[in-house]
Amino acid sequence: MKTPSSRPSVRGYSLLELMMVFAIIVLMASVALPNILGYRQEASLLAAAQGFRAEFMKARSLATRTNAQTAIRFETDSTGMTLYSTYVDGNWNGVLSADIKAGVDQRIAGPFRLDAGQSGVDVGVMPDAPSPDGGPLGAEPIRFGSARMVSFSPLGTGTPGTFYLRTRTTMMGVRVTGGSARVRIMILRGARWIDRQG
């Protein structure tokens, strides 16, 4: 038989202890939140870059499969919106702006909006961002020559150039190398560009 003195004492938490625990939770959340938001932005940026990389690889694959040059052309509509479309060579002289205008080189996909399809991601360059090759990058986010086209040949080669995407805090580039037309994704970390597989 238990006596009243042998019962364990029940002790609650003081208001000061609860406030200290709450302050610690708030402090930890304030440290973690920017990292979580940065991770979400980078994940959205990577998803957008992978989407464009897939379009480039699809155009390259089509060129080798059909034995006809293909190109992704960046265009501006009457409202100023930038779009992109995929074209195929219709007269065996490459995809040319004049042949597209004349209807010889046919559009086979698009036009699609160039808004990256991810929240918080747009096509553009961050101010003062360095170039992957060194020096200043400039403001133009689409760099595939004056025709604003990336072309792929039946041999699997492509127009070298880079296409840039950004969020508020960072940016990525989708780069097509000459020769093999390998498509790489690069991310800007501080002042350095790093290859990002994925």
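The values are calculated or read from the model by the stated rules, or taken from the named source; none is laboratory data. Everything numeric in this text was worked out from a predicted model, so none of it was measured. Ideal geometry is used to build each Cβ from the backbone, glycine not excepted, and the neighbour counts take in all protein chains shown. The protein model used for the area step is the full one, side chains on, heavy atoms only, and it has no ligands, DNA or RNA in it. Shrake-Rupley method; radii C 1.70, N 1.55, O 1.52, S 1.80 Å.
Quick one: would you say Ala139 is surrounded by fewer than 21 Cβ atoms within 10 Å (Cβ to Cβ), farther than 25 Å from Ser85 by Cβ and more than 14 Å from the chain's Cα centre (by Cα)?
No.
Does region 179-193 include one or more residues that are under 30 Å from Trp92 (Cβ atoms), touching a residue at least 60 places away in the same chain (Cβ under 8 Å) and in contact with a helix residue (DSSP H, G or I) (Cβ under 7 Å, 6 or more places away or on another chain)?
Yes: region 179-193 contains one or more residues that are under 30 Å from Trp92 (Cβ atoms), touching a residue at least 60 places away in the same chain (Cβ under 8 Å) and in contact with a helix residue (DSSP H, G or I) (Cβ under 7 Å, 6 or more places away or on another chain).
Which residues, counting only those in region 148-173, are open to solvent by 10 Å² or more (accessible area, probe 1.4 Å), within 15 Å of Arg53 (Cβ to Cβ) and in contact with a helix residue (DSSP H, G or I) (Cβ under 8 Å, 6 or more places away or on another chain)?
Gly158
So is Gly94 farther than 15 Å from Phe74 by Cβ, under 13 Å from the mean Cα position of the chain (by Cα) and either without any contact (Cβ under 8 Å) to a residue 40 or more places away in the chain or not in a strand (DSSP E or B) (or both) or not?
No.
Considering only region 72-81, state which residues are of a type outside the set (A, V, I, L, M, F, W, C) and without any contact (Cβ under 8 Å) to a residue 60 or more places away in the chain.
Thr76, Asp77, Ser78, Thr79, Gly80
Kindly indicate whether Ser151 is of a type in the set (S, T, N, Q) and assigned to a strand (DSSP E or B).
It is true that Ser151 is of a type in the set (S, T, N, Q) and assigned to a strand (DSSP E or B).
Which pairs turn up if I take residues in region 49-71 that are in contact (Cβ under 8 Å) with a residue 24 or more places away in the chain and among the aliphatic types (A, V, I, L, M) and look for partners that are surrounded by fewer than 21 Cβ atoms within 10 Å (Cβ to Cβ) and in a helix (DSSP H, G or I) with beta carbon separation below 6 Å, at least 6 apart in sequence or on another chain?
Qualifying pairs under 6 Å: none.
Tell me yes or no: at least one residue of region 104-115 is of a type in the set (A, V, I, L, M, F, W, C), assigned to a helix (DSSP H, G or I) and either over 30 Å from the mean Cα position of the chain (by Cα) or modelled with pLDDT under 80 (or both).
no
Restricting attention to region 58-79, report how many residues are open to solvent by 50 Å² or more (accessible area, probe 1.4 Å) and either within 24 Å of the chain's Cα centre (by Cα) or farther than 21 Å from Gly156 by Cα (or both).
Number of matching residues: 8.
Which one of the conditions (1) touching a Ser or Thr at 6+ places or on another chain (Cβ under 8 Å); (2) open to solvent by less than 60 Å² (accessible area, probe 1.4 Å) does Asp105 fail to meet, given that it meets all the rest?
Result: Asp105 fails condition (1) only.
Test Ala49 against the stated conditions and say whether it is assigned to a helix (DSSP H, G or I), open to solvent by less than 60 Å² (accessible area, probe 1.4 Å) and modelled with pLDDT of 90 or more.
no
Being of a type in the set (S, T, N, Q), under 25 Å from Asp99 (Cα atoms) and free of Cβ contacts under 8 Å to residues at least 24 places away in the same chain narrows it down to one of Ser151, Ser146, so name that one.
Matching residue, one of Ser151, Ser146: Ser146.
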